[in-house]
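Right, one structure below, let's go through it.
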Amino acid sequence: MGRDLGPDCRLCRREGEKLFLKGARCYTHKCAVSRREYAPGQHGLKKGKLSNFGVQLREKQKIKRIYGVLETQFRNYFLKAAGTKGVTGHILLQFLERRLDSVLFNCGFAKSRTDGRQIVSHNHVSVNGRRVNIPSFLVKPNDIIEIKTDDKALANIKANVETTKERKVPGWLTVDAANMTIKVVRIPTREDVTFTVNEQLVVELYSR
Ligand code: SF4
């Protein structure tokens, strides 16, 4: 699956809030959202009232951009969520949280989800003893995720763990930083999603 290769900060500015797409830079004064509080592009400074559709569309774009997922894959997650028993919006977020690149980010093994994606696709991760190089791989309860790689890459990932150690690991995952392993304790719940999103707007958008 592809991903958006454009400038990350532009995506945050378009949504008008920090989406934390670039790791350490997002926590500094260099963050583009703090420096230029308007949308990118020629008409970025123009402000108009959004229609209902516009509000729903922006929320969908925001969630897609946070997880680094393109439209087709995102819609597939939605269709899968809609076909699963339970609250569709919550299940949609569950699928996104369970992605292997997102798990690495949530546990501090990656600086951002994009970094997590790179760690996985460069073959540095195994799940239950088997190499996995698919960032969208969905983890499930009792999975053991290990970093298995050469010394150089391992040192980089350990440095990420050190710089993100203040970050709170969600309750559905446990981290053993000494052995560079993560255990999936349970399926994530809505409360495990720490940023502010209104997934119901996405459900309404796709139900039009
Ligand atoms: Fe977004 Fe991070 Fe860029 Fe700030 S620094 S605009 S949070 S990607």
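When residues in the stretch 110-123 are screened for being out of contact with any Gly (no Cβ under 7 Å at 6 or more places or on another chain) and either of a type in the set (F, W, Y) or surrounded by fewer than 23 Cβ atoms within 10 Å (Cβ to Cβ) (or both), 4 of them pass. Of everything listed in (1) away from the ligand (no atom under 16 Å from the Cβ); (2) farther than 29 Å from N133 by Cβ; (3) part of a helix (DSSP H, G or I), the single unmet condition for L93 is (2). Restricting attention to the stretch 80-90, the residues that are farther than 29 Å from R131 by Cβ and either in contact with a helix residue (DSSP H, G or I) (Cβ under 6 Å, 6 or more places away or on another chain) or assigned to a helix (DSSP H, G or I) (or both) total 4. Considering only the stretch 100-158, how many residues are more than 16 Å from the ligand (Cβ to nearest atom) and part of a loop (DSSP other than H, G, I, E, B)? Number of matching residues: 22.
This table checks each residue for (1) surrounded by fewer than 11 Cβ atoms within 10 Å (Cβ to Cβ); (2) modelled with pLDDT under 85; (3) more than 13 Å from T114 (Cβ to Cβ); (4) near the ligand (Cβ under 10 Å from one of its atoms).
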{"residue": "C9", "(1), (2), (3), (4)": "no, no, no, yes"}
{"residue": "G23", "(1), (2), (3), (4)": "no, yes, no, yes"}
{"residue": "K30", "(1), (2), (3), (4)": "no, no, yes, yes"}
{"residue": "V33", "(1), (2), (3), (4)": "no, no, yes, yes"}
{"residue": "Q61", "(1), (2), (3), (4)": "no, no, yes, no"}
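Has the stretch 51-74 got at least one residue that is more than 17 Å from F137 (Cα to Cα), free of Cβ contacts under 8 Å to residues at least 12 places away in the same chain and part of a loop (DSSP other than H, G, I, E, B)? Yes - at least one qualifying residue is present in the stretch 51-74.
Screening S112 on (1) touching a Pro at 6+ places or on another chain (Cβ under 9 Å); (2) among the small types (G, A, S); (3) in contact (Cβ under 8 Å) with a residue 40 or more places away in the chain shows it passes everything except condition (1). When restricted to residues that are over 17 Å from V203 (Cα atoms) and among the hydrophobic types (A, V, I, L, M, F, W, C), the stretch 40-65 contains 2.
Taking residues in the stretch 20-46 that are within 28 Å of D101 (Cβ to Cβ), and partners anywhere that are β-branched (V, I, T) and in a helix (DSSP H, G or I), the pairs with Cβ atoms closer than 9 Å and at least 6 places apart or on different chains are F20/I66; L21/I66; L21/T114; K22/T114; G23/T114; G23/T163; A24/T163; C26/V33.
The values are calculated or read from the model by the stated rules, or taken from the named source; none is laboratory data. What you are looking at is a predicted structure, and each value in this text was computed from that prediction instead of being measured. Here Cβ is always computed from backbone atoms with ideal geometry, including for glycine, and neighbour counts include all displayed protein chains.
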